[in-house]
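Asks: Okay, handing you the structure first.
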Amino acid sequence: MMEPLREVRDGYIISLNLGSPPQVIQVYMDTGSDLTWVPCGNFTFNCIDCQEYTNYSPIINKYSPLHSSSCVRDSCASPFCIDVHSSDNTYDPCYIAGCSLTTLIKGICSRPCPSFVYTYGEGVVSGTLTRDTLRVHGGVDGDVTREVTDFGFGCVGSTYREPIGIAGFGKGSLSLPSQLGFIQKGFSHCFLAFKFANNPNISSPLVVGDLAISSKEHLQFTPMLNNPMYPNYYYIGLEGITLGTEPSGSSIQVPTKLRDFDPSGNGGMLIDSGTTYTHLPQPFYSQLLSELESVVNYPRATEVEARTGFDLCFRVPCINNINTDVDDHLLPSITFHFMNNVSLVLPQGNSFYAMGPPSNSTVVKCLLFQSMDDEDYGPAGVFGSFQQQNVEVVYDMENQRIGFQTMDCVSSSAFQQLHKP
């Protein structure tokens with residue numbers, strides 16, 4: 001499978017061709033969840049507290065079950081029905097819906113799968129589990145169309161702070177790679193730089209299956225960490241961070257919980273395309289800010305910090321008030337050291353980003369990292385999509401490892417012939 005990814009303000013969009021005839025629905029690609037869902041409704045789709053997402057209206061397409069001849073609602077006999085409800089419900093909702101214990105044990109209850117509620121970090125969606133035909137592009141050049149019948153997804157009619165659907169790329173049975181039969185192989189992506197956000201003419205390659213993991217031995221690979229309590233997520237281990245060019249750079253040791261799990265499954269570093277910025281735990285995050293402030297000799301832009309919510313912003317000289325990218329060398333590079341001696345130097349623009357146009361030969365650049373909200377529950381840190389720009393990331397499921405290689409994702413897009421003519 002090979003599909004183009006387009007960048008929007010805070011994520012990467014994949015187009016799903018669902019139904020008969022096909023309806024094109026654009027959704028986020030999310031490695032931090034399993035369920036694929038689409039905004040659904042023959043007439044209405046209700047998104048609560050979504051005022052800040054009004055600019056997304058051109059890409060919010062709704063899937064209409066009535067306009068697809070192959071659409072069916074999933075039943076209680078489906079293992080997907082168990083999966084979509086298992087994380088949030090104490091009692092089996094199909095029993096409440098009227099299935100007898102005998103039919104549940106035998107997996108033959110034909111009653112419709114009850115509506116579900118699915119929770120994300122800040123958002124919630126509710127809908128019904130649905131099956132329909134999904135069409136994906138395959139072949140070496142993406143020129144072959146494959147039909148996947150009975151693809152399971154959420155038909156969502158109401159959400160809280162979730163205006164756009166999601167294609168789940170986690171390890172669970174509901175995820176898109178799992179349903180396509182590729183979860184034992186793997187997938188790869190190369191996220192475009194943020195400056196290409198909302199550019200309809202440039203996309204980046206998402207490759208799923210054999211092609212994604214073949215001939216990749218030149219990449220640096222770090223092991224996927226196994227978390228028995230949360231087996232469907234992708235975890236890696238962070239061992240250190242270096243500010244500036246090695247060996248003269250300043251090295252910072254990270255807490256062991258960024259590579260270890262406690263008995264409850266908390267800890268490790270989650271790699272998540274659905275989280276925009278990298279999150280680090282306290283007090284390590286504050287230590288990183290202090291170290292950066294000590295090696296950067298430019299004045300703080302505290303008023304921009306207060307306005308944007310970012311914790312560290314500097315006023316950096318800008319030559320001729322143009323092309324802020326050429327001034328990235330004025331701020332220290334940041335290198336992430338993952339397990340298995342993997343050192344990823346974040347590409348220019350992945351750490352500090354200009355908050356606006358230059359003025360008076362200076363530009364304000366802010367560190368686009370954030371502090372973890374919950375210190376005691378869940379992952380200790382998150383490696384977000386902004387820090388994965390211009391990096392080829394390979395999820396090698398056969399060998400349980402994740403590979404990194406910095407590259408120009410626009411060039412990769414051109415190589416894969418994903419530019420629009």
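The values are calculated or read from the model by the stated rules, or taken from the named source; none is laboratory data. Keep in mind the model is a prediction, meaning the values are calculated, not measured. Cβ atoms come from the backbone with ideal geometry, glycine included; neighbour counts cover every protein chain shown. Remember, those area values only see protein heavy atoms, side chains included, never the ligands or the DNA or RNA. Shrake-Rupley method; radii C 1.70, N 1.55, O 1.52, S 1.80 Å.
Asks: Against the longest principal axis of the chain, how steep is helix 284-295, in degrees 0 to 90 to the nearest 10, with axes from Cα atoms?
Replies: 30 degrees
Asks: Not counting ligands, DNA or RNA, and with a 1.4 Å probe, what is V410's accessible surface area in Å² rounded to the nearest 10?
Replies: 30 Å²
Asks: In whole angstrom, and with the biggest value first, how far do the Cα coordinates of segment 103-142 range along each principal axis?
Replies: Extents along the principal axes: 45, 34, 15 Å.
Asks: With a cut-off of 8 Å between alpha carbons and a minimum separation of six or more residues, what is the relative contact order of the chain in percent? Working shown, then result.
Replies: Numbers: 1008 pairs, mean separation 78.8, N = 421.
Computed value for the chain: 19 percent relative contact order.
Asks: Any idea which of M355, L243, S64 is furthest toward the positive side of the dipole for the chain, if Lys and Arg beta-carbons carry +1 and Asp and Glu beta-carbons -1?
Replies: S64
Asks: Might you list the cysteines of the chain that have no disulfide-compatible partner by the rule of another cysteine's Cβ under 4.7 Å?
Replies: C71, C318
Asks: When the Kirkwood radius is taken over all Cα pairs of segment 101-180, what Stokes-Einstein diffusion coefficient follows at 4 °C and 1.567 mPa s, in µm²/s? The partial results should precede the final answer.
Replies: Numbers: Rh = 14.9 Å.
For these conditions, the coefficient is 87 µm²/s.
Asks: May I pose another question? Which residue fluctuates the most in the chain, going by a Gaussian network model with Cα springs under 10 Å, if the choices are P357, P255, P93?
Replies: Per the Cα network of the chain with a 10 Å cutoff, P357 tops the list.
Asks: For a quick size check, give me the Cα extents of segment 226-299 along its three principal axes, largest first, whole Å.
Replies: 45, 23, 22
Asks: Measuring with a 1.4 Å probe in the full set of protein chains, what accessible area per residue, in whole Å², belongs to the chain? Numbers along the way, then the final one.
Replies: Values: 18510 Å² over 421 residues.
For the chain, the per-residue accessible area is 44 Å².
Asks: Related question: Need one word for segment 200-260: rounded, prolate or oblate. Basis is the Cα gyration tensor (sqrt eigenvalues a ≥ b ≥ c); a/c below 1.5 gives rounded, then a/b vs b/c decides.
Replies: Details: a/c = 2.10, a/b = 1.29, b/c = 1.63.
Here segment 200-260 falls in the oblate category.
Asks: Could you give P(r) for segment 117-268, binned at 10 Å from zero, as whole percent values over all Cα-Cα pairs?
Replies: Answer for segment 117-268: a P(r) of 8, 24, 35, 25, 7, 1 percent.
Asks: Also, quick follow-up: Among S178, S100, S78, which one shows the highest mean-square fluctuation when the chain is modelled as a Gaussian network with alpha-carbon springs under 10 Å?
Replies: S100
Asks: Within the chain, what whole-number % of the accessible surface is contributed by carbon and sulfur, with the 1.4 Å probe and all protein chains included in the calculation? Working shown, then result.
Replies: Numbers: 9510 of 18510 Å².
Carbon and sulfur: 51 percent of the exposed surface of the chain.
Asks: Read phi for every residue in segment 193-210 and hand back ³J(HN,Hα) as whole Hz from Karplus 6.51 cos²θ - 1.76 cosθ + 1.60, θ = phi - 60°, with x for Gly and Pro.
Replies: With the stated coefficients, segment 193-210 comes to 5, 4, 5, 9, 4, 6, 8, x, 8, 10, 9, 10, x, 10, 10, 10, x, 4 Hz.
Asks: Can you tell me what the convex hull of the Cα atoms of the chain projects to on average, as an area in nm²?
Replies: Average of the hull's projected areas for the chain equals 21.8 nm².
Asks: Give me a comma-separated list of calculated 3J(HN,Hα) values for segment 31-39, in order, Karplus coefficients 6.51, -1.76, 1.60 applied at θ = phi - 60°, integers in Hz, x for any Gly or Pro.
Replies: Per-residue couplings from phi come out as 7, x, 8, 9, 5, 9, 9, 10, x Hz.
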